[in-house]
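The values are calculated or read from the model by the stated rules, or taken from the named source; none is laboratory data. What you see is a predicted model; the values in this text were computed from it and never measured. Methodologically, a virtual Cβ is constructed for each residue, glycine included, from the backbone with ideal geometry; neighbour enumeration extends over all protein chains shown. For the accessible areas, the whole protein counts, side chains as well, though only heavy atoms, and no ligand, DNA or RNA atoms are used. Shrake-Rupley method; radii C 1.70, N 1.55, O 1.52, S 1.80 Å.
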Amino acid sequence: MDRGTSTDDDGSIRLQVFELRRLSEACGSSNTIFEPQSDIEKRDSSNADSASPTTVPAIRAPEKKLTLFALRLAILEKAATGLGTLGFIWATVVLLGGFAITLDKTDFWIITIILLIEGTRIFSRSHELEWQHQATWSIAGAGINSFRALRTTSHNLIEAIKSIITFRPFISRKHDKRTKENVDRTTFDGANSRRWQRKSTRTWTSSDVPLLPYAHWVFLSRNISKLLYWLQLASATVCVALSLMKLIWHNYGDVAKGDTDKRNRKSALNIFYSLALAEALLFLLEKAYWEWKVIYCKLLEEVNKECDLGPSGLVSIRRFFYDAYSRCVNGSIFDGLKMDMVSFAMELLGSSSPDEQLIGARILSQFAVNERFSDDTLQKIGINLTVIERLVEMLNWKDPLEEEIRRSAAEILSKLAGKKQNSLRVAGIPGAMESISSLLQTNRNSCGATDDIGENKIIIDHAHYGSWTFNHLGLLVLKKLARNHDNCGKIGNTRGLLPKIIDFTHAGESLLKDEISTHCQILTVKRSLQVVKMLASTTGTTGEHLRREISEVVFTISNIRDILRYGEKHPTLQKLGIEILTSLALEEDATERIGGTGGILKELFNIFFKEAMPQNQNHVRIAAGEALAMLALDSKSNCHLILKLKVLDRLVEALEVPLLRVNAARILRNLCSYSGANCVHRLRGVIAAAPTVIKAIISEEHKLQEVMIGLAAHVFKFMTPEESSIMFDRAGIKEVELAVKLVEILKKYQHPPIKVPRIRRFAIELAIWMMTDKVTNVHTFKEMGLEKELEVVSETTAELENFNIFSGTVGLSRHSTTIHSLVENALKLLEDE
């Protein structure tokens with residue numbers, strides 16, 4: 001198994017104003033694209049990975065050292081076992097069968113002793129491996145727990161004897177061998193049956209019946225494996241000594257028989273003692289090799305270090321090695337080479353034993369977060385739906401004794417959900433969202449339909465249970481799942497999940513202003529805001545539904561208001577909250593709710609105009625301007641509220657500030673467009689912006705030029721012809737120059753541009769005002785060839801130019817006047833002259 005390096009960074013893209021994505025992958029991207037320029041987190045970071053694969057160097061799996069070691073040991077073990085079997089057959093058939101009455105008394109008893117010693121060694125060998133295998137667990141309760149041991153023929157006999165002593169039904173280990181396919185079919189039954197197996201304590205299980213009363217300490221001792229180990233060494237040493245003694249002395253006795261029988265008997269005994277000596281020496285060689293690699297070379301510790309499994313990982317490494325060795329001994333010697341840590345861990349994860357589940361979860365969790373191994377690990381888990389189902393089920397285990405298993409499962413899923421295909425598989429499991437929701441434990445009752453809504457609620461929890469950790473992991477899983485459009489819909493449709501997520505966005509004044517606020521509390525607020533932001537920026541009908549659901553939760557906007565008001569020390573939280581408001585403003589009802597929540601508009605303007613903010617936090621001011629522009633768009637009530645704040649003069653001044661002028665121009669244009677006729681006198685102050693606007697139209701390009709042209713078309717409507725002339729004089733620009741510039745813009749943008757889709761519309765609107773304001777301007781436009789350019793516009797116009805904002809590829813907030821109508825009005829003015 002080779003593993004590659006993988007990185008799972010959260011991608012983000014910079015969206016330009018009115019940038020309309022060519023969403024050919026309609027099912028993939030779910031970015032909300034609207035008028036303000038915004039950083040919206042990329043939904044499908046895995047698309048980029050698949051589109052531009054990188055070649056990573058192959059990394060040798062550390063456990064290959066163990067499987068190779070197990071192979072070499074198995075070769076020695078099988079060779080010794082083969083010689084032992086041959087020696088046993090030779091002794092019983094040839095010596096005891098053919099020469100039994102002619103054997104010397106000493107030879108008879110030595111042969112018998114050697115056979116007993118070999119039987120003892122085989123017995124000790126199997127049980128020594130059992131106890132070494134068991135040493136990887138905690139030995140809970142009295143008696144010998146169930147575990148995987150070598151499935152040798154002698155062991156089957158021992159199991160039969162045990163079944164008589166303990167009244168257990170005997171099942172041959174040979175038929176108990178579990179392959180991966182068997183695990184997939186048998187170890188993942190219903191959740192209820194699994195919980196009963198783990199929780200039932202009213203009856204004896206087959207592995208817990210004590211063999212002897214009042215001797216619990218014997219069976220709980222870890223020294224049993226050492227005792228059996230030394231018993232094997234002693235038996236092998238005795239076998240070597242006896243065999244060498246007989247082979248050296250050749251004192252096989254003498255009887256009154258022919259020389260032929262004597263020679264045959266002597267040869268037969270030489271063969272037997274040679275076989276016994278060879279077997280014992282091979283066994284001792286195997287033990288010496290074992291000691292050298294395990295004790296002197298510290299192979300297990302070395303592999304554990306390379307796998308980065310930590311101190312507790314040595315238990316997992318031992319267990320893996322014993323399993324690999326067991327497979328090599330009981331099956332083909334090459335069976336162990338087929339094992340790897342990930343598949344081994346996935347098999348343990350499906351066990352009914354909590355100890356096995358814990359080891360499997362630990363291995364997968366460590367490998368999933370390890371940069372060297374995560375790619376291969378997540379790939380193996382991702383294609384095994386049974387394992388994913390098991391991990392999802394473990395999220396519901398709330399027993400404090402199972403806390404580490406649950407946490408490991410959540411960590412694995414948090415990494416697994418980072419890949420698009422895997423996130424779809426996780427979300428596609430029935431009940432997955434409910435299981436993820438079970439990770440979120442809030443201290444506030446924000447979703448109950450009772451009179452005491454919002455009242456603090458004490459959670460009855462284990463004293464040391466890591467609720468904060470599970471909250472973080474749950475939000476992280478949701479954040480990664482929310483990158484996919486379909487998953488957003490499932491999150492929104494999961495009962496009670498959305499109010500839980502929003503409840504985590506609550507951050508009071510004490511938390512936000514406290515210098516020693518805990519990192520985990522701020523991280524929880526941040527992750528919950530990120531999830532809400534991703535849900536609110538979903539496109540299509542799913543996005544409409546989610547924005548409506550989010551805005552209807554009574555705590556959403558007030559929680560964000562607190563962050564804006566008290567979160568000066570946490571600009572990242574402020575920016576996330578502002579971006580949520582910007583996305584929610586795509587819906588008319590949500591826009592009204594936001595504006596109607598006391599203090600929201602004021603706090604946004606405070607951030608937008610704040611000059612003392614550090615340079616690296618200017619993105620928060622930009623985001624505030626975008627939100628204000630969206631909230632003022634097509635909302636008469638919000639425009640009135642903004643005008644009551646008396647910020648018009650400051651907005652005009654902001655047109656001179658490079659950082660703010662784009663959004664200031666948008667806000668002013670929306671105020672002029674949607675405030676209504678009864679607010680004309682309150683908007684007269686915008687006239688002061690005319691010189692700045694005219695200069696920007698002449699000197700700037702792209703987005704700034706577009707928004708200034710759009711603002712100019714409305715600013716000039718508040719002026720008389722005399723006032724407009726004064727403004728041109730103050731700007732130092734003649735009206736002819738502006739007319740020439742407008743015609744040049746129409747020539748330059750002969751097709752609806754994605755980055756500035758309304759620039760032609762705004763240019764035509766401004767040209768119409770200029771021709772209406774002064775007849776001389778009509779002659780100027782005629783000479784400049786405006787009529788020809790208008791015909792080009794009428795032939796190349798697109799639906800793109802008829803909307804203010806977009807959600808994905810869907811246009812929102814359609815202009816009341818189509819661009820065709822504007823072209824006709826302009827042509828009519830040119831003809832009437």
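Assorted remarks:
- For the range 536-545, residues that are surrounded by 23 or more Cβ atoms within 10 Å (Cβ to Cβ) and either at pLDDT 95 or above or of a type in the set (S, T, N, Q) (or both) total 3.
Yes or no, residue by residue, for (1) surrounded by fewer than 21 Cβ atoms within 10 Å (Cβ to Cβ); (2) in contact with a Ser or Thr (Cβ under 7 Å, 6 or more places away or on another chain); (3) assigned to a helix (DSSP H, G or I):
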residue	(1), (2), (3)
Ser316	no, no, yes
Cys328	no, no, yes
Leu358	no, no, yes
Leu364	no, yes, yes
Ile381	no, no, yes
Thr386	yes, no, yes
Glu389	yes, no, yes
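- Pair list, Cβ under 6 Å, 6 or more apart: the range 793-807 residue under 21 Å from Glu587 (Cα atoms) and modelled with pLDDT of 70 or more, other residue in a strand (DSSP E or B) and open to solvent by 40 Å² or more (accessible area, probe 1.4 Å): Asn802/Arg814; Phe803/Arg814
- Any hit, the range 762-770, residues being part of a helix (DSSP H, G or I) and of a type in the set (Phe, Trp, Tyr): yes
- Residue count for the range 319-364 satisfying the condition of being under 26 Å from Ala79 (Cβ atoms) and within 21 Å of the chain's Cα centre (by Cα): 0.
- A search for C-beta distances below 7 Å between a residue of the range 395-419 that is of a type in the set (A, V, I, L, M) and any residue that is surrounded by fewer than 24 Cβ atoms within 10 Å (Cβ to Cβ) and assigned to a loop (DSSP other than H, G, I, E, B), counting only pairs 6+ apart in sequence or on different chains, returns Leu395/Ser438; Ile405/Trp397.
- Hits in the range 414-436 (condition: in contact with a Ser or Thr (Cβ under 6 Å, 6 or more places away or on another chain), modelled with pLDDT of 90 or more and assigned to a helix (DSSP H, G or I)): Met433
- Considering residues of the range 608-651 that are assigned to a loop (DSSP other than H, G, I, E, B) and farther than 19 Å from Thr597 by Cβ only, the residue most open to solvent (accessible area, probe 1.4 Å): Lys646
- Just one residue in the set Ser813, Ser821, Ser794 is in contact with an Asp or Glu (Cβ under 7 Å, 6 or more places away or on another chain) and more than 23 Å from Ser699 (Cβ to Cβ); that residue is Ser813.
- Scan the range 745-755 for residues that are under 16 Å from Lys703 (Cα atoms), assigned to a helix (DSSP H, G or I) and open to solvent by 50 Å² or more (accessible area, probe 1.4 Å) and the total you get is 1.
- Check on Leu401, open to solvent by 50 Å² or more (accessible area, probe 1.4 Å), of a type in the set (A, V, I, L, M, F, W, C), part of a helix (DSSP H, G or I) and farther than 21 Å from Arg60 by Cα: yes
Let's see how each residue does on (1) closer than 17 Å to Thr582 by Cα; (2) open to solvent by less than 30 Å² (accessible area, probe 1.4 Å); (3) of a type in the set (Val, Ile, Thr); (4) in a loop (DSSP other than H, G, I, E, B):
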| residue | (1), (2), (3), (4) |
| --- | --- |
| Arg527 | no, no, no, no |
| Arg547 | yes, yes, no, no |
| Asn559 | yes, yes, no, no |
| Ile563 | yes, yes, yes, no |
